[in-house]
Amino acid sequence: MKFQYSEKKVKLPENVHAYAEKKVMKLARYFEEDAEALVVFSVEKNRNKVELTVHGAGTWFRASEGTSDMFASIDAAVGTIEGQIRKNKTRLARRLRQDAFVRSAQEETSFAPEAAEDDLTIQRIKSFYFKPMTREEAVLQMNLLDHNFFAFRDEDNDGSFAVVYRRNNGGYGLIDDAK
């Protein structure tokens, strides 16, 4: 597994990188050797935040955790990604390494029942006419509907399909067609 580290607003000692690499390597058994891990460390409002992105076998996993301790944040992020993999293990079995879910002798045995898998069948289909509008109109419409996202035809980009969404930090984002 290849590692990349990034630090925002913080300079960390090398032992934090070594600890992160050791913990993320627990995930290596699910991936082939060409998997990549990006670990972003930051400090925001006295919280040590770790954003962990793992890419392998054409699948992306991402977790963002923040605690008062950087090591605890690393542990939480790795645990979140491991939970995502376990939750979707039957769907991911074809993409990830063949023997990723085979039990080994040193693995811990848990008697807790595994969570049921989510059903990925589409329950409802809606069809809409997407009216061309400006980005500001789309944000206003999204807020009026009290939704977290809104799809529209972007007048500012020759009527191409776009989506505005509400970001976790309170701002707005735009996803548009890259021509």
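Data table
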quantity	calculated
Counted residues, region 53-75 - those being under 18 Å from residue 2 (Cβ atoms), modelled with pLDDT under 90 and not small (Gly, Ala, Ser)	7
Members of region 41-56 found to be crowded, with 16+ Cβ neighbours inside 10 Å and touching a Lys or Arg at 6+ places or on another chain (Cβ under 9 Å), listed by number	41, 42, 49, 51, 52, 53, 54, 56
Failed item in (1) modelled with pLDDT under 90; (2) of a type in the set (A, V, I, L, M, F, W, C); (3) in contact with a helix residue (DSSP H, G or I) (Cβ under 8 Å, 6 or more places away or on another chain), with residue 50 passing the rest	(1)
Region 127-179, residues that are over 24 Å from residue 64 (Cβ atoms), within 26 Å of the chain's Cα centre (by Cα), free of Cβ contacts under 8 Å to residues at least 12 places away in the same chain and open to solvent by 100 Å² or more (accessible area, probe 1.4 Å)	146
Members of region 128-145 found to be part of a loop (DSSP other than H, G, I, E, B) and at pLDDT 80 or above, listed by number	134
Unmet requirement for residue 71, which otherwise passes all of (1) outside any helix (DSSP H, G or I); (2) aromatic (Phe, Trp, Tyr); (3) within 17 Å of residue 10 (Cα to Cα); (4) open to solvent by 50 Å² or more (accessible area, probe 1.4 Å)	(1)
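The values are calculated or read from the model by the stated rules, or taken from the named source; none is laboratory data. All values derive from a computational prediction rather than experimental measurement. With ideal geometry, Cβ positions are generated from the backbone for all residues, glycine too; neighbour counts draw on all protein chains shown. SASA here: full protein model, heavy atoms, side chains in, ligands and nucleic acids out. Shrake-Rupley method; radii C 1.70, N 1.55, O 1.52, S 1.80 Å.
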